[in-house]
Amino acid sequence: MNKNHRPMSGFVLVLGLLLCLPWATGLAQTPSGKPTAYSEKGADSCLQCHNETSKFPVLPIFKTKHAQPADQRTPFAGLQCEGCHGPYSEHPNMLKFGPGSKLTAEKKNQICLQCHESDNRMGWKGGPHENSDVACADCHRVHVDRDPVLTVADQPEVCFNCHKKQRADSYKASVHPIRYDKMACSECHNTHGSLTTGVLVKPTLNETCYTCHAEKRGPFLWEHAPVAEDCSLCHRPHGSNHPALLVKRPPLLCQQCHSTGHASIPHTGAGLPGGSPSEFLLAKGCLNCHSQVHGSNHPSGVKLMR
């Protein structure tokens, strides 16, 4: 065989494979095995009705990554709208994802996961959101120019639609800056699933906290045991009415573990009940002296006082 003919034979083979694809032929198989024709006009067929005056407008999708014909990963490089919703020729039975949809959450998610099942969503299977029959479309908006769940300012409101307790906590006196549009839930939680409790972005709660609070990581010469164990032993991450997101105010917080000695008896004298109140245990309580509660690197910091 002439070597000059080889590239042409390879080209013919690739062309033949491409013509077998549904988006190239305009045909696909229905569940019954019957061929179904897709629209030759693509999105233009949908835009006849779904324009800016429609009850279900879709024009803003052209400002998103989904509608990039030059990117082969996107629906608009193939069947366009019909790539997700099914053939236009069966309009009454096209797949609907919004309110009033009769599709199960599993079926809706199958459509999305055809493209989006990557390493970032490997934890979705068996995760808390999938087990609660949450659909991708319950949180994400595809036909808008800016998906609310992907913006710092709008994402918490999407999450709070279901997580009512966390919404209430976010309005307490001491909180993370979620309600000030400076932090999103996804900075701590992997909403698509993870192997951790609370679907955290890091393997442990402490590692998640350290992504912002690196100065609390240590290692310290003198460690405070509960700090290294679990931040939530002392702090409520979603909000508290006590300073610094604490679960209780000192000295009550400290007395959960340190129940003997002067730390639990607010008086003067030789550690015996009865004297006048000690100024060292009032106001900030234990923190008046033991200020390095997260740990100390001072050679004399064994009592976390310096």
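Using θ = phi - 60° in the Karplus curve 6.51 cos²θ - 1.76 cosθ + 1.60, the 3J(HN,Hα) couplings for the range 72-77 round to 5, 7, 9, x, 7, 8 Hz; x is entered for Gly and Pro. Extension gain for the segment Ser89 to Phe56, taken as residue separation times 0.36 nm less the Cα-Cα distance, is 10.0 nm to one decimal. 3J(HN,Hα) along the range 149-159: 6, 9, 10, 4, 6, 9, 4, x, 5, 5, 5 Hz, from the Karplus curve 6.51 cos²θ - 1.76 cosθ + 1.60 with θ = phi - 60°, whole Hz, x for Gly and Pro. A simple spin-label model places pseudo-atoms 7 Å from Cα toward Cβ; at Ala228 and Lys65 they are separated by 4.1 nm.
Each of Cys231, Cys139, Cys162 was scored by other Cβ atoms within 10 Å of its Cβ. Arranged with the fewest first, they read Cys162, Cys139, Cys231. Loop-resident chymotrypsin sites (Phe, Trp or Tyr not before Pro) (DSSP state other than H, G, I, E or B) in the range 152-184 with no more than 16 further Cβ atoms inside 10 Å of their Cβ: Tyr171, Tyr180. Label separation (Cys257 vs Asp133): 4.4 nm, computed from points 7 Å beyond Cα along the C-beta direction. Close amide H pairs (under 5 Å, H built 1.01 Å from N) link His235 with Val247, residues at least 5 positions away or on another chain.
In order along the range 295-306, phi translates into HN-Hα couplings of x, 9, 10, 6, x, 10, x, 4, 9, 6, 9, 8 Hz, rounded to whole numbers, per the Karplus curve 6.51 cos²θ - 1.76 cosθ + 1.60 with θ = phi - 60° and x for Gly and Pro. Distant-in-sequence amide contacts of Gly295, defined by a placed amide H-H separation under 5 Å and a gap of 5 or more residues or a different chain, comprise His224. Note on the range 30-146: the alpha carbon radius of gyration divided by the globular reference 2.2 N^0.38 Å gives 1.10. By the beta-carbon count within 10 Å of each Cβ, the least crowded to most crowded order of Phe97, Phe220, fewest first, is Phe220, Phe97. For the range 146-187, the square roots of the Cα gyration tensor eigenvalues, ordered a ≥ b ≥ c, give a/c of at least 1.5 with a/b no greater than b/c, which places it in the oblate category. Within the range 193-219, which residues have the backbone N less than 14 Å from the label spot 7 Å out from Leu113 along Cα→beta-carbon, could you tell me? Within reach of a label on Leu113, which here means backbone N under 14 Å from a point 7 Å along Cα→Cβ, the range 193-219 contributes 193-194. Normalised by the number of residues in the range 146-187, the mean separation of alpha-carbon contacts (under 8 Å, six or more apart) gives a relative contact order of 43 percent. Fewest neighbouring Cβ atoms within 10 Å first, the residues Val144, Val175 line up as Val144, Val175.
A short reminder: the numbers here are calculations on the coordinates, not readings from a lab. Just so we're clear, the structure is a prediction, and the values are computed from it rather than from any experiment. Quick reminder, even Gly has a Cβ in these numbers, built from the backbone with ideal geometry, and neighbours come from all protein chains shown.
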